[in-house]
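These notes concern the structure reproduced below.
The values are calculated or read from the model by the stated rules, or taken from the named source; none is laboratory data. Predicted, not measured: the structure shown is a model, and the values here were computed from it. Note that each Cβ is placed from the backbone with ideal geometry, even for glycine, and that neighbours are counted across all protein chains shown. Only protein heavy atoms, including side chains, enter the accessible area calculation; ligands, DNA and RNA are left aside. Shrake-Rupley method; radii C 1.70, N 1.55, O 1.52, S 1.80 Å.
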Amino acid sequence: METVMEYASVKISRNGKEDAIDPVMIEQTIDLIINGTKLSSIVTTPDLHKELAVGYMVTEGAVKDRGDIEDVMEKNGQVFLKVRSFEHFDLWYELRSSGCIGVNWEKRDEDVHLPVDQQFKVDVLLDSMKYLYDETQDRTKGAHSASLVDAEGRLKYKALDIGRHNAIDKVVGMATLNGDDLSKMFLISSGRQPAGMVMKAVRAGIPLIMSKAAPISSGIDSARRTNITLCCFANTEKLKAFSAPERIII
(Lines give C-alpha, C1' and ligand atoms only; values in the text may rest on other atoms or scores of the structure.)
Protein backbone atom coordinates (compact mmCIF):
# COMPACT_ATOMS: atom_id res chain seq x y z
CA MET A 1 0.00 0.00 0.00
CA GLU A 2 1.27 3.46 -0.88
CA THR A 3 2.56 5.48 2.06
CA VAL A 4 3.60 8.58 0.09
CA MET A 5 1.57 11.04 -2.01
CA GLU A 6 2.84 13.92 -4.13
CA TYR A 7 1.55 17.44 -3.47
CA ALA A 8 2.03 20.64 -5.42
CA SER A 9 3.83 23.47 -3.64
CA VAL A 10 5.42 26.81 -4.44
CA LYS A 11 9.11 27.24 -3.70
CA ILE A 12 9.76 30.81 -2.60
CA SER A 13 13.23 32.27 -2.18
CA ARG A 14 14.92 35.66 -2.39
CA ASN A 15 15.17 35.08 -6.12
CA GLY A 16 11.45 34.54 -6.66
CA LYS A 17 8.84 31.80 -6.89
CA GLU A 18 8.65 28.51 -8.76
CA ASP A 19 6.24 25.58 -8.83
CA ALA A 20 7.39 22.38 -7.16
CA ILE A 21 6.18 18.87 -6.34
CA ASP A 22 6.84 17.33 -2.93
CA PRO A 23 6.42 13.72 -1.72
CA VAL A 24 4.49 13.69 1.57
CA MET A 25 3.81 10.88 4.04
CA ILE A 26 0.18 9.71 4.10
CA GLU A 27 -1.63 9.72 7.45
CA GLN A 28 -4.46 7.42 8.52
CA THR A 29 -6.30 6.76 11.76
CA ILE A 30 -7.08 3.20 12.84
CA ASP A 31 -9.19 2.00 15.74
CA LEU A 32 -7.76 -0.68 18.00
CA ILE A 33 -10.46 -3.08 19.20
CA ILE A 34 -9.40 -5.43 22.00
CA ASN A 35 -11.71 -8.31 22.94
CA GLY A 36 -14.63 -6.37 21.46
CA THR A 37 -13.84 -3.08 23.23
CA LYS A 38 -12.39 -0.03 21.50
CA LEU A 39 -9.13 0.73 23.25
CA SER A 40 -7.78 3.63 21.23
CA SER A 41 -7.39 5.37 17.90
CA ILE A 42 -3.87 5.46 16.47
CA VAL A 43 -2.62 7.89 13.84
CA THR A 44 -0.26 6.02 11.53
CA THR A 45 0.68 5.29 7.92
CA PRO A 46 -1.49 3.04 5.67
CA ASP A 47 0.55 -0.15 6.22
CA LEU A 48 1.33 -2.88 8.78
CA HIS A 49 -1.72 -2.14 10.93
CA LYS A 50 -2.03 -5.62 12.41
CA GLU A 51 1.65 -5.62 13.28
CA LEU A 52 1.30 -2.16 14.81
CA ALA A 53 -1.60 -3.30 16.99
CA VAL A 54 0.20 -6.41 18.23
CA GLY A 55 3.42 -4.50 18.86
CA TYR A 56 1.54 -1.79 20.71
CA MET A 57 0.04 -4.34 23.08
CA VAL A 58 3.47 -5.87 23.71
CA THR A 59 5.35 -2.61 24.23
CA GLU A 60 2.63 -1.22 26.49
CA GLY A 61 2.90 -4.33 28.66
CA ALA A 62 -0.59 -5.66 27.98
CA VAL A 63 0.57 -8.97 26.48
CA LYS A 64 3.83 -10.85 26.78
CA ASP A 65 4.24 -12.90 23.62
CA ARG A 66 2.55 -14.59 20.66
CA GLY A 67 0.85 -17.08 22.94
CA ASP A 68 -1.27 -14.30 24.48
CA ILE A 69 -2.78 -13.40 21.09
CA GLU A 70 -5.63 -15.63 19.98
CA ASP A 71 -6.62 -13.78 16.80
CA VAL A 72 -5.91 -10.59 14.85
CA MET A 73 -7.74 -9.18 11.82
CA GLU A 74 -8.19 -5.85 10.07
CA LYS A 75 -11.37 -4.52 8.50
CA ASN A 76 -12.62 -1.06 7.49
CA GLY A 77 -10.02 0.93 9.39
CA GLN A 78 -10.26 -1.20 12.50
CA VAL A 79 -7.87 -3.81 13.89
CA PHE A 80 -9.53 -6.49 16.00
CA LEU A 81 -7.35 -8.31 18.52
CA LYS A 82 -8.52 -11.19 20.64
CA VAL A 83 -6.12 -11.67 23.52
CA ARG A 84 -6.11 -13.83 26.59
CA SER A 85 -7.54 -11.99 29.58
CA PHE A 86 -4.95 -9.89 31.30
CA GLU A 87 -4.98 -8.40 34.78
CA HIS A 88 -6.56 -4.97 35.34
CA PHE A 89 -7.84 -4.67 31.75
CA ASP A 90 -10.81 -2.50 32.82
CA LEU A 91 -8.53 -0.01 34.59
CA TRP A 92 -6.03 -0.11 31.72
CA TYR A 93 -8.80 0.66 29.23
CA GLU A 94 -10.23 3.46 31.36
CA LEU A 95 -6.84 5.18 31.69
CA ARG A 96 -5.95 4.71 28.03
CA SER A 97 -9.25 6.11 26.78
CA SER A 98 -9.06 9.14 29.09
CA GLY A 99 -6.56 10.81 26.78
CA CYS A 100 -3.20 9.44 27.89
CA ILE A 101 -0.95 8.67 24.93
CA GLY A 102 0.27 5.52 26.62
CA VAL A 103 -0.78 4.22 30.00
CA ASN A 104 2.63 2.98 31.03
CA TRP A 105 4.89 5.55 29.40
CA GLU A 106 5.75 7.44 32.56
CA LYS A 107 5.34 4.60 35.03
CA ARG A 108 8.55 4.50 37.05
CA ASP A 109 7.94 1.58 39.42
CA GLU A 110 7.80 -1.32 36.95
CA ASP A 111 9.81 -4.19 38.37
CA VAL A 112 11.80 -5.07 35.25
CA HIS A 113 15.53 -5.79 35.17
CA LEU A 114 16.94 -7.22 31.94
CA PRO A 115 19.73 -9.79 32.38
CA VAL A 116 23.00 -9.47 30.48
CA ASP A 117 22.60 -12.72 28.56
CA GLN A 118 23.06 -11.44 25.02
CA GLN A 119 26.10 -9.34 24.05
CA PHE A 120 26.76 -7.51 20.80
CA LYS A 121 30.02 -6.73 19.00
CA VAL A 122 30.65 -3.03 18.52
CA ASP A 123 31.49 -3.58 14.85
CA VAL A 124 28.07 -5.18 14.31
CA LEU A 125 26.33 -2.29 16.03
CA LEU A 126 28.15 0.41 14.08
CA ASP A 127 27.82 -1.38 10.74
CA SER A 128 24.09 -1.82 11.36
CA MET A 129 23.49 1.93 11.44
CA LYS A 130 23.04 1.65 7.68
CA TYR A 131 19.63 0.09 8.38
CA LEU A 132 18.45 3.34 9.93
CA TYR A 133 18.22 5.09 6.60
CA ASP A 134 15.59 4.67 3.92
CA GLU A 135 14.74 6.19 0.55
CA THR A 136 11.28 7.23 1.76
CA GLN A 137 12.83 9.13 4.66
CA ASP A 138 15.21 10.88 2.30
CA ARG A 139 12.39 11.83 -0.08
CA THR A 140 9.80 13.01 2.43
CA LYS A 141 11.81 14.10 5.50
CA GLY A 142 8.66 13.08 7.38
CA ALA A 143 9.20 9.48 8.49
CA HIS A 144 10.73 7.72 11.47
CA SER A 145 12.23 4.26 11.16
CA ALA A 146 12.85 1.32 13.45
CA SER A 147 14.87 -1.82 12.72
CA LEU A 148 15.44 -5.06 14.58
CA VAL A 149 18.84 -6.65 13.94
CA ASP A 150 20.27 -9.93 15.24
CA ALA A 151 23.66 -10.43 16.90
CA GLU A 152 25.25 -11.35 13.56
CA GLY A 153 24.16 -8.04 12.04
CA ARG A 154 21.33 -9.43 9.91
CA LEU A 155 18.36 -7.12 9.44
CA LYS A 156 15.29 -9.01 10.65
CA TYR A 157 12.55 -6.38 10.50
CA LYS A 158 12.22 -2.76 9.46
CA ALA A 159 9.30 -0.32 9.48
CA LEU A 160 8.62 3.33 8.78
CA ASP A 161 5.91 5.49 10.24
CA ILE A 162 5.06 9.12 10.90
CA GLY A 163 5.44 8.32 14.60
CA ARG A 164 8.68 7.04 16.16
CA HIS A 165 6.64 5.02 18.67
CA ASN A 166 4.55 3.44 15.91
CA ALA A 167 7.66 2.38 13.99
CA ILE A 168 8.89 0.50 17.06
CA ASP A 169 5.49 -1.08 17.65
CA LYS A 170 5.41 -2.28 14.04
CA VAL A 171 8.75 -4.13 14.16
CA VAL A 172 7.95 -5.59 17.57
CA GLY A 173 4.60 -6.74 16.19
CA MET A 174 6.27 -8.38 13.18
CA ALA A 175 8.69 -10.27 15.41
CA THR A 176 5.97 -11.27 17.87
CA LEU A 177 3.63 -12.62 15.19
CA ASN A 178 6.53 -14.69 13.82
CA GLY A 179 7.38 -16.02 17.27
CA ASP A 180 10.91 -14.59 17.28
CA ASP A 181 13.00 -14.13 20.42
CA LEU A 182 13.43 -10.37 20.86
CA SER A 183 16.03 -10.89 23.60
CA LYS A 184 18.50 -11.93 20.88
CA MET A 185 18.10 -8.72 18.84
CA PHE A 186 18.83 -5.02 19.20
CA LEU A 187 16.68 -2.10 18.15
CA ILE A 188 17.72 0.84 15.97
CA SER A 189 15.44 3.87 16.27
CA SER A 190 15.57 7.21 14.48
CA GLY A 191 13.95 9.11 17.34
CA ARG A 192 15.00 10.60 20.65
CA GLN A 193 14.81 8.27 23.63
CA PRO A 194 12.72 9.48 26.56
CA ALA A 195 11.32 7.06 29.14
CA GLY A 196 8.34 6.11 27.00
CA MET A 197 10.51 4.94 24.10
CA VAL A 198 12.94 3.09 26.36
CA MET A 199 10.20 1.30 28.27
CA LYS A 200 8.60 0.06 25.05
CA ALA A 201 11.81 -1.82 24.28
CA VAL A 202 12.17 -3.02 27.87
CA ARG A 203 8.66 -4.50 27.96
CA ALA A 204 9.34 -6.30 24.69
CA GLY A 205 12.52 -7.80 26.18
CA ILE A 206 14.89 -6.06 23.75
CA PRO A 207 18.29 -5.74 25.49
CA LEU A 208 19.80 -2.82 23.53
CA ILE A 209 18.53 0.34 21.83
CA MET A 210 20.61 2.43 19.46
CA SER A 211 19.67 5.88 18.13
CA LYS A 212 21.40 8.61 16.16
CA ALA A 213 19.49 11.14 18.27
CA ALA A 214 20.13 12.52 21.73
CA PRO A 215 18.91 10.82 24.91
CA ILE A 216 16.47 12.41 27.35
CA SER A 217 17.12 12.34 31.10
CA SER A 218 14.00 10.24 31.77
CA GLY A 219 15.19 7.75 29.16
CA ILE A 220 18.60 7.39 30.77
CA ASP A 221 17.05 6.98 34.22
CA SER A 222 14.68 4.29 32.95
CA ALA A 223 17.45 2.50 31.06
CA ARG A 224 19.70 2.37 34.11
CA ARG A 225 16.88 1.20 36.36
CA THR A 226 15.84 -1.62 34.01
CA ASN A 227 19.39 -2.50 32.84
CA ILE A 228 18.72 -2.05 29.12
CA THR A 229 21.68 -0.77 27.09
CA LEU A 230 20.86 2.70 25.75
CA CYS A 231 23.15 3.95 22.97
CA CYS A 232 22.70 7.44 21.52
CA PHE A 233 24.58 9.81 19.21
CA ALA A 234 25.30 6.71 17.13
CA ASN A 235 26.74 6.70 13.61
CA THR A 236 28.90 4.30 11.62
CA GLU A 237 32.02 5.31 13.58
CA LYS A 238 31.01 5.59 17.23
CA LEU A 239 28.22 5.52 19.78
CA LYS A 240 27.77 6.55 23.41
CA ALA A 241 26.37 4.01 25.88
CA PHE A 242 24.47 5.65 28.75
CA SER A 243 23.62 2.39 30.52
CA ALA A 244 24.76 -1.25 30.74
CA PRO A 245 27.81 -0.89 28.46
CA GLU A 246 28.88 -4.43 29.39
CA ARG A 247 26.56 -5.76 26.69
CA ILE A 248 28.89 -4.27 24.08
CA ILE A 249 32.08 -6.17 23.35
CA ILE A 250 35.06 -5.03 21.29
Checklist outcome for this item: So the strands (runs of 3 or more DSSP E) completely within the range 133-250 holding 3 or more residues that are within 14 Å of F120 (Cβ to Cβ) are 144-150, 185-189, 208-211, 229-232
Item to check | the range 143-172: number of residues that are more than 24 Å from L32 (Cβ to Cβ) and either open to solvent by less than 20 Å² (accessible area, probe 1.4 Å) or among the aliphatic types (A, V, I, L, M) (or both) | outcome: 5
Checklist entry - Of all residues in the range 203-241, how many are over 27 Å from M57 (Cα atoms) and in contact with a strand residue (DSSP E or B) (Cβ under 9 Å, 6 or more places away or on another chain)? => result 5
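Residue by residue through the range 182-195, note down the ones that are among the small types (G, A, S) and surrounded by 22 or more Cβ atoms within 10 Å (Cβ to Cβ).
First pass over the range 182-195, keeping only residues among the small types (G, A, S): 183, 189-191, 195.
Hits for the range 182-195 are S189, A195.
Does the range 217-229 contain any residue that is open to solvent by 10 Å² or more (accessible area, probe 1.4 Å) and within 28 Å of S41 (Cα to Cα)?
Yes, the range 217-229 contains at least one residue that is open to solvent by 10 Å² or more (accessible area, probe 1.4 Å) and within 28 Å of S41 (Cα to Cα).
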Checklist entry - Is it the case that some residue within the range 101-113 is exposed (fewer than 14 other Cβ atoms within 10 Å of the Cβ), closer than 26 Å to I220 by Cα, at pLDDT 85 or above and of a type outside the set (A, V, I, L, M, F, W, C)? => result yes
Checklist outcome for this item: Reported set for the range 24-60 where residues are open to solvent by 10 Å² or more (accessible area, probe 1.4 Å), within 20 Å of E135 (Cβ to Cβ), part of a strand (DSSP E or B) and out of contact with any Phe, Trp or Tyr (no Cβ under 8 Å at 6 or more places or on another chain) is M25
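Hey, can you tell me all the residues within the range 107-132 that are part of a helix (DSSP H, G or I) and over 21 Å from S183 (Cα atoms)? Spell out how you get there, then give the answer.
Start the filter on the range 107-132 by keeping residues that are part of a helix (DSSP H, G or I), which leaves 122-132.
The one that is part of a helix (DSSP H, G or I) and over 21 Å from S183 (Cα atoms): K130.
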